[in-house]
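Notes follow once the structure below has been shown.
The values are calculated or read from the model by the stated rules, or taken from the named source; none is laboratory data. As the structure is a computational prediction, the values presented were derived from the model and not from experiment. Because the Cβ atoms are built from the backbone with ideal geometry, glycine has one as well, and the counts that use them run over all protein chains shown.
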Amino acid sequence: MKRLGILIVGVGGHGVVSAARIIGDAAHLEGIPVVVGQLHGLAQRGGSVQATVLLGPGRSAILPRKGADVLLALEPFEAARAIGAVGTQTTVLTNIVPRIPPTARSDTQRPPVAKLLSGLEARAARLIAFDATALAQKAGSERAVNVVMLGALLGAGCVPLDPERFVTSVAADSPPATKDQNLAAFRLGRELAARYCPAR
């Protein structure tokens, strides 16, 4: 298979690293070569966290500029921050609900989310932007935003992974108390993204 580069972005506590691990585990179950790397993380301070997942042959976990095939953003400001990885081949999937770290200054001026999305859409092959936070709440836990986004990743046809392998990885990564919520979140994200891409 052709190598596929996924960049996952969010803020500390969003579950960026968990999301990368789940994709990697699903690929491993399917026998697909995978490299997972955390670019940088300031999780304890609520700062930016990025991780890469590269599926297919190769060793490097570094994405070149404009080299992401998929940008999976758990938060829109982090999506905009990662715009340098977005090229004409990139599919961007992003949550539209901001999550402002508690350490951020309250008087900081931030651009409207619509403007951020417009900039991403102008650079990318396609943009799928939706309220993943609401879907996570519907599933029973706002903390499941990362799993909603993983469902969207699969539903949009962005990864060559078997749905059952993906579900197995989500279940295995979930604590018993949140397993049902996470599986529901994954299903909701997948169903929503499939509506954007009915032919997939």
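A few comments on the model shown:
- Residue within region 162-174 that is surrounded by fewer than 23 Cβ atoms within 10 Å (Cβ to Cβ), in contact with a Leu (Cβ under 7 Å, 6 or more places away or on another chain), of a type in the set (Gly, Ala, Ser) and assigned to a strand (DSSP E or B) present: no
- Tabulated pairs, region 153-164, first farther than 22 Å from ALA129 by Cβ, second modelled with pLDDT under 95 and not in a helix (DSSP H, G or I), C-beta under 7 angstrom, 6+ apart or interchain: PRO160/MET1
- Among the residues listed as ALA136, ALA193, the single one being closer than 17 Å to VAL16 by Cα, touching a residue at least 24 places away in the same chain (Cβ under 8 Å) and part of a helix (DSSP H, G or I): ALA136
- Whenever a residue of region 38-63 is over 21 Å from PRO98 (Cα atoms), its partners that are in a helix (DSSP H, G or I) and modelled with pLDDT of 90 or more, lying with C-beta atoms within less than 7 angstrom and at least six residues away or across chains, give the pairs GLN38/VAL17; VAL53/ALA20; VAL53/ILE23; VAL53/GLY24; LEU55/ALA27; LEU63/ALA85.
- Of everything in region 166-200 that is at pLDDT below 95 and charged (D, E, K, R), the residue that is nearest to LEU55 (Cα to Cα) is ARG200.
- All conditions in (1) modelled with pLDDT under 90; (2) within 14 Å of the chain's Cα centre (by Cα); (3) farther than 23 Å from ALA144 by Cβ hold for SER48, with the sole exception of (3).
- Considering region 61-83, and only residues there that are touching a helix residue (DSSP H, G or I) at 6+ places or on another chain (Cβ under 8 Å) and in a loop (DSSP other than H, G, I, E, B), the residue that is modelled with the highest pLDDT turns out to be LEU74.
- Taken over region 5-32, the criterion of being surrounded by fewer than 24 Cβ atoms within 10 Å (Cβ to Cβ), in a helix (DSSP H, G or I) and in contact (Cβ under 8 Å) with a residue 24 or more places away in the chain is satisfied by VAL17, SER18, ARG21, GLY24, ASP25, LEU29, GLU30.
- Residue match in region 142-149 (condition: polar (S, T, N, Q) and at pLDDT below 95): no
- The listed residues are VAL92, VAL11, VAL86, VAL17, and the only one of them that is at pLDDT below 95, under 23 Å from LEU161 (Cβ atoms) and under 16 Å from the mean Cα position of the chain (by Cα) turns out to be VAL17.
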